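The values are calculated or read from the model by the stated rules, or taken from the named source; none is laboratory data. If you're wondering where the values come from, they're calculated on a predicted model, not measured in any experiment. Positions of Cβ are generated from backbone atoms using ideal geometry, with glycine treated the same way; all protein chains shown enter the neighbour counts.
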């Protein structure tokens, strides 16, 4: 394998890792936002707002991005782990 190809594969893997990590960060920040709102304004406020459904849509977008860029076997496994985790966060 040429050095250029090795570099391209390395960069592709690094970008894939960054997409995965950003997916985790984004989904956890969404949950932190929900928890903070519930602590500050009460669970009732959160239940009456559109935040939960909007946050679920954002989580679904995160999953779509993961599906789009994580396609080889190692990436598929971690994508499935994140997807299962995000789906458990439904209220």
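Would you confirm, using the coordinates I've provided, whether residue 5 is loosely packed, with under 11 Cβ neighbours inside 10 Å and either on the phi < 0 side of the Ramachandran plot or modelled with pLDDT under 85 (or both)? Don't jump to the end; show me each part of the working.
Values: loosely packed, with under 11 Cβ neighbours inside 10 Å: yes; either on the phi < 0 side of the Ramachandran plot or modelled with pLDDT under 85 (or both): yes.
Yes, satisfied.
Condition check ((1) out of contact with any helix residue (DSSP H, G or I) (no Cβ under 9 Å at 6 or more places or on another chain); (2) surrounded by fewer than 16 Cβ atoms within 10 Å (Cβ to Cβ); (3) modelled with pLDDT of 85 or more) across all residues:
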{"site": "50", "(1), (2), (3)": "yes, yes, yes"}
{"site": "57", "(1), (2), (3)": "yes, yes, yes"}
{"site": "64", "(1), (2), (3)": "yes, yes, yes"}
{"site": "67", "(1), (2), (3)": "no, yes, no"}
{"site": "70", "(1), (2), (3)": "no, no, no"}
{"site": "73", "(1), (2), (3)": "yes, yes, no"}
{"site": "79", "(1), (2), (3)": "no, no, no"}
{"site": "85", "(1), (2), (3)": "no, yes, no"}
{"site": "88", "(1), (2), (3)": "yes, yes, no"}
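Can you say whether residue 37 is surrounded by 12 or more Cβ atoms within 10 Å (Cβ to Cβ), over 16 Å from the mean Cα position of the chain (by Cα) and in a helix (DSSP H, G or I), as far as the supplied structure shows?
Yes: the conditions hold for residue 37.
So which residues in the stretch 12-38 are free of Cβ contacts under 8 Å to residues at least 40 places away in the same chain, more than 14 Å from residue 52 (Cα to Cα) and touching a helix residue (DSSP H, G or I) at 6+ places or on another chain (Cβ under 7 Å)?
The answer is 26, and nothing else.
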